[in-house]
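Below is one structure, written out as structure tokens, with a few remarks after it.
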Amino acid sequence: MSIRTATLNGVATIEIARPEKKNALTAAMYQAMADALRAAQADAGVRAVLITGQPGIFTSGNDIEDFMSRPPASGMDAPVFQFMFALLECDKPVIAAVTGAAIGIGTTMLLHCDFAFVSDEARLAMPFVSLGLVPEFASSLVLPQRIGQARAAEKLLLGEPFSGADAVDMGLANAVLPAGEVVNHARRVAERFNQLPPGAVREAKKLLRAPQLDAIRQTIRNEAELFAARLRSPEAMEAFQAFFQKRKPDFSKF
């Protein structure tokens, strides 16, 4: 298993630990993260959740080989959707510590964390369209609301990468720090919830999320239906073949 979990001083840590594959996520890893989030929610001793990766890499997104051998259908039972809804519905504060690259869902999951701290080496990107796919995790709804339509088009349609400092400037992250300080800083923020009344924290988070929650759930479902259809498209097949063959995709024939 490439997901490590531990609970210490009221903080449940979920660590993506597959550096040999740039922390690429498999179905089993999504399931493990979903299970860990649900366990943290059920544990009265947990006051906050910390999600982190490895030095230099948060996650490179989906493991393409695993993804193509087990493509998620539009139904919500697939591990990736279990993870999405577990994160969306976690009523305890979730803090992300992004140490390095965060690609695809590595960036879109930050939209659903309560705090995100990024390193000065971070590089974030949502290259769904360049893979012949569409945005996921309600990013087509939340990102334009967060950063504006024009910048969201740059990030989602062109897939333009951006830095940790850019993420802070756009309101996608709380602070950018030296790479070696990110995790410790995020943990200190998570541990502050040990000093706060947990019921009030949960209710306040619920109020913050309530106005958008139904729309986010529906957008995740809408995106999933289109995503599943796009996975079977000739454009996506060309993009994935080019990935495996280490060449640029050729979309001129479409």
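Structural remarks
- The residue that is surrounded by the fewest Cβ atoms within 10 Å (Cβ to Cβ), counting only those in segment 3-46 that are in contact with a helix residue (DSSP H, G or I) (Cβ under 6 Å, 6 or more places away or on another chain) and of a type in the set (Val, Ile, Thr), is 5.
- Close pairs (7 angstrom Cβ cut-off, 6 or more residues apart or separate chains): more than 16 Å from residue 109 (Cα to Cα) in segment 202-219, in a helix (DSSP H, G or I) and aliphatic (A, V, I, L, M) anywhere: 215/141
- Residue match in segment 47-69 (condition: surrounded by fewer than 21 Cβ atoms within 10 Å (Cβ to Cβ), under 25 Å from residue 194 (Cβ atoms) and modelled with pLDDT of 95 or more): no
- Only listed residue being closer than 26 Å to residue 145 by Cβ and of a type in the set (Asp, Glu), chosen from 91, 66, 77: 91
- The residue that is nearest to the chain's Cα centre (by Cα), counting only those in segment 137-157 that are within 25 Å of residue 81 (Cα to Cα) and surrounded by fewer than 16 Cβ atoms within 10 Å (Cβ to Cβ), is 146.
- For segment 230-254, the set of residues classified as in a helix (DSSP H, G or I), in contact (Cβ under 8 Å) with a residue 24 or more places away in the chain and surrounded by 13 or more Cβ atoms within 10 Å (Cβ to Cβ) consists of 230, 231, 235, 236, 237, 238, 239, 240, 243, listed by residue number.
Conditions tested, residue by residue: (1) among the charged types (D, E, K, R); (2) part of a helix (DSSP H, G or I).
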{"residue": "6", "(1), (2)": "no, no"}
{"residue": "13", "(1), (2)": "no, no"}
{"residue": "28", "(1), (2)": "no, yes"}
{"residue": "35", "(1), (2)": "yes, yes"}
{"residue": "38", "(1), (2)": "yes, yes"}
{"residue": "50", "(1), (2)": "no, no"}
{"residue": "58", "(1), (2)": "no, no"}
{"residue": "65", "(1), (2)": "yes, yes"}
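- Filter result (among the hydrophobic types (A, V, I, L, M, F, W, C) and assigned to a helix (DSSP H, G or I)) within segment 183-209: 183, 186, 189, 190, 193, 200, 201, 204, 207, 208
The values are calculated or read from the model by the stated rules, or taken from the named source; none is laboratory data. Treat the numbers as computed from the prediction; the structure is a model and nothing was measured. Note: ideal-geometry Cβ built from the backbone for every residue, glycine included; neighbour counts use all protein chains shown.
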